[in-house]
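Novice: Can you read through this structure? Questions will come right after.
Values in this text are rule-based calculations from the coordinates and carry no lab data. None of these values were measured; they are calculated from a predicted model. Cβ placement follows ideal geometry from the backbone for every residue including glycine, while neighbour counts extend to all protein chains displayed.
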Amino acid sequence: MVAIKEKKSFIIIWGFIGIFLLIPCAQAQQTAAPGLDQRLDNQFKAIDRGVRSGHFTQHEERILLDNLDYIRHREAHFQASGKFTTAERQHLNTLLDQNLLMISRQRPVQTLRPDIDSPGIDQRIASQQRSIDQGIHSGQLTRDEARILQDNLNYIQREEARLKADGSLTNEERERLHRMLDQNNKIIFDKKTNPVRRFY
């Protein structure tokens with residue numbers, strides 16, 4: 001009788017130990033995302049190949065990489081709760097689908113972060129970059145003029161990144177970026193009456 005009780009106690013104790021050992025495994029399965037991680041890795045590699053081949057400008061590369069950083073941040077946020085729901089996985093897969101369309105050039109490159117989308121600014125930066133490149137190629141801009149205009153454009157891009165760093169872009173900040181782009185645009189297309197000059 002005593003031996004049976006000891007045997008039952010032994011089984012119960014090992015049963016609890018087994019349950020406690022299985023809980024972390026189940027939680028790890030709930031928060032693991034191997035498919036998402038593989039897709040992120042594939043997109044990082046595709047962007048790198050695109051930059052090396054000249055498929056993407058530096059500005060486009062920065063946006064695409066920022067999109068992937070944002071997706072990784074959201075994934076970490078979802079996993080931190082200890083649960084990773086199907087809806088959360090679908091949301092991240094949708095963001096990855098959108099970024100992939102931009103990588104494959106089926107859509108224009110733009111940010112996926114909410115509240116900091118600035119397609120007008122991004123398009124104007126891309127347009128001015130093309131104008132500077134064409135100006136060098138056609139001889140309308142000297143190397144020195146092109147360097148100053150490029151420095152101005154790089155400064156605007158750094159300012160845009162700095163202003164977006166807090167996760168938002170206010171109307172005042174958008175207006176400031178547009179004013180700087182207006183100045184640089186005027187210099188590009190009317191350098192005779194507006195000598196090329198630095199912003200800073």
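Novice: Binning every alpha carbon pair distance of region 32-103 at 10 Å from zero, what are the percents per bin?
Specialist: 19, 51, 23, 7, 0
Novice: Then there's this: I need the semi-axes of the equivalent ellipsoid of region 119-189: take the C-alpha gyration tensor, multiply each eigenvalue by 5, square-root it, list largest first in whole angstrom. Can you show the working numbers first?
Specialist: Numbers: eigenvalues 121, 23, 18 Å².
Semi-axes, largest first: 25, 11, 10 Å.
Novice: Sort TYR155, TYR70 by Cβ crowding within 10 Å, fewest neighbours at the top.
Specialist: Result, fewest neighbours first: TYR155, TYR70.
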